[in-house]
Amino acid sequence: PVTIQAPSARGGGGGAPAAAAGAPAPTVPVEKLGEGAYLILGGYACLAIEFKDHIVVIEGPQSEARAKAVIAEAKRLIPNKPIRYVVNTHTHIDHSSGLRAFVAEGATIITHQSNKSYLEKVLNAPHTLTPDAMSNSKNKPKFETASDFKILTDGNRVVELHHMKDFGHHEGMLMVYLPKEKILLEADAYNPPAQPPTAASTVTSPYNLSLLDNVARLKLDVQRIIPVHYAADNRIVTMAEVRRVSGRN
């Protein structure tokens with residue numbers, strides 16, 4: 001027998017700690033990437049995309065606290081529309097630990113087909129020590145899956161989901177491409193260093209090479225990369241930077 005005292009507030013995992021009673025909510029840095037497309041920072045990078053009658057959020061990472069901050073900001077940026085979908089790049093805990101908050105919102109999780117059974121298992125596991133928003137909502141997780149390619153569109157806005165091939169970090173990794181803005185969101189394929197690299201790395205990352213190979217294979221016109229692990233100096237990351245650090249100038 002053991003008695004475990006539940007913590008009064010849970011941050012961790014990179015998420016923001018709970019705010020003190022009466023304290024103002026922390027500011028969430030936002031960048032407008034294009035009409036109806038927003039980059040939400042203040043933690044792992046997430047996107048909020050406006051569709052005709054709903055919102056799609058890209059990535060539900062880190063913690064419930066981080067997910068709730070992203071949800072609140074998405075609703076502020078795109079008012080009077082529900083968050084209908086959240087796209088999960090892959091199942092690693094720091095990229096999926098906010099999904100339960102999106103389930104509580106009623107959002108459907110979009111992920112690669114190889115990830116579905118795992119996410120079903122962990123999201124349906126009871127959270128009894130510290131009940132969270134999903135536990136309190138009684139909502140059950142809903143899924144749509146992608147195989148090699150999936151398009152999200154309302155006839156005007158287009159978001160492309162691409163499965164990364166030959167990628168050693170995770171077999172069910174999705175990249176997200178915004179063709180209008182020529183922006184690619186990727187997770188863990190290129191985690192930019194704190195300062196812009198001026199030369200090739202002394203040890204070439206196979207993940208960086210896989211990113212370059214997948215972009216070339218798919219013939220994507222990428223002008224900007226949004227790494228989920230965003231650059232510490234908030235710089236704009238380009239394909240040229242990835243080629244430089246990989247020695248493929």
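Observations on the model:
- Per principal axis, descending, Cα span of segment 115-200 in whole Å: 50, 38, 24
- Estimated FRET transfer efficiency when R0 is 30 angstrom, pair Ile236-Asp213 (beta carbons, to 0.05): 0.85
- Relative contact order for segment 85-223: 20 percent, from Cα pairs under 8 Å spaced at least 6 residues apart, divided by residue count.
- Helix 206-218 and the long axis of the chain differ in direction by around 80°, with both axes built from C-alpha atoms.
- Rounded tilt (10° steps) of 64-77 against the dominant C-alpha axis of the chain: 70
- Annotation note: trypsin sites (Lys or Arg not before Pro) in segment 184-245 located in DSSP loop regions with a Cβ neighbour count of at most 13 within 10 Å are Lys219, Arg235.
- Between Gln62, Gln113, Gln195, the residue with the greatest mean-square fluctuation in the GNM of the chain (Cα pairs under 10 Å linked by springs) is Gln195.
- The distance from the alpha carbon centre of segment 114-150 to that of segment 44-64 is 16 Å, rounded to a whole number.
- For Lys180, the aspartates and glutamates whose Cα falls under 18 Å of its own Cα, not counting residues fewer than eight places away in the same chain, are Glu31, Glu35, Glu50, Asp154, Glu160, Asp221.
- Only helices enter the 222 nm calculation for the chain: every DSSP H run of n ≥ 4 contributes -39,500 (n - 2.57), and dividing by all residues gives -6500 deg cm²/dmol, rounded to 500.
- Selection among Val57, Val103, Leu77 by position relative to the dipole of segment 43-106 gives Leu77 as farthest towards the positive end (Cβ unit charges, Cα centre).
- Ranked by the mean number of other Cβ atoms within 10 Å of their residues, highest first, the peptides 84-91, 169-176 come out as 84-91, 169-176.
- Reachable aspartates and glutamates from Lys165, criterion Cα separation under 17 angstrom, eight or more residues apart if same chain: Asp148, Glu186, Asp188, Asp213
- Of Ala45, Ala65, Ala194, the one that fluctuates the most in a GNM where the chain has Cα springs shorter than 10 Å: Ala194
- Highest mobility in the GNM of the chain, judged by mean-square fluctuation with C-alpha springs under 10 Å and restricted to Ala231, Ala74, Ala187, is found for Ala231.
- Sequence-separation-based contact order of the chain, relative, with Cα cut under 8 Å and 6+ spacing, percent: 13
Coordinate-derived values only; no laboratory data. Just so it is clear, the structure is predicted and the values come from calculations on it, not from any experiment. Note that each Cβ is placed from the backbone with ideal geometry, even for glycine, and that neighbours are counted across all protein chains shown.
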